[in-house]
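Laboratory data are not the source of any read-out in this text; all were calculated from the coordinates shown. The structure displayed is predicted, hence computed values, not measured ones. Here Cβ is always computed from backbone atoms with ideal geometry, including for glycine, and neighbour counts include all displayed protein chains.
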Amino acid sequence: MRRVAGVALVAVLIGLGIAAFATAATPQGTSRVVAPGDGVTGLPASPSRALYVHILGEVSRPGLYELPEGARAVDAVAAAGGFTETADAAGINLARFVSDGEQIVVPALGAAVAAAPGVTADGRVDLNTADAATLDTLPGVGPATAAKIVAWRERNGRFASIEDLLDVSGIGEAKFEGLRDLVTV
């Protein structure tokens, strides 16, 4: 009788261990693949805003994913099935927050890596995807102004044009003229 109870206890503990592992290994939050022609015309009627992120490169299932507001790059990678065997996981900052409409490219090992998040191939800073640290590299933009640019973007959505920078507190005509050729949307 004692032996049966011991076997039963071991079976229960193994089952709990498997359940705990499955819970920890499963990506948290919700995401869904958005395919062309889905008729996605706006945000869902949920309390939090959804983000649409296009992830490609060295992930198992490249595509367009809907992620919850506040998602990070690691959530986008998880939604896309994780890294491939040839992915350079250090090629992107997994801890950074993603923005709506962003494209994330996971590079292959040995491939050239972008200089910083939000920097285009021609070296301009993308106002819609750059983080505060990247914005801070612009001449005349310090940590306080970079934070104001990020706050404006979070409050108002994507920059429609570089001229929208003039709506950011602390950026006047003179500072804007110095940034005009260094930024893009």
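Listed values, structure above:
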read-out	value
Two-site FRET efficiency, residue 85 against residue 52, from Cβ-Cβ distance with R₀ of 30 Å, rounded to 0.05	0.65
Value of relative contact order over segment 131-185, rounded to a whole percent, pairs C-alpha under 8 Å and six or more apart	33
Net charge of Cβ neighbours under 12 Å - reference residue 171; Lys, Arg +1; Asp, Glu -1	-2
Cα Rg, Dmax, segment 65-114, angstrom units	10.8, 32
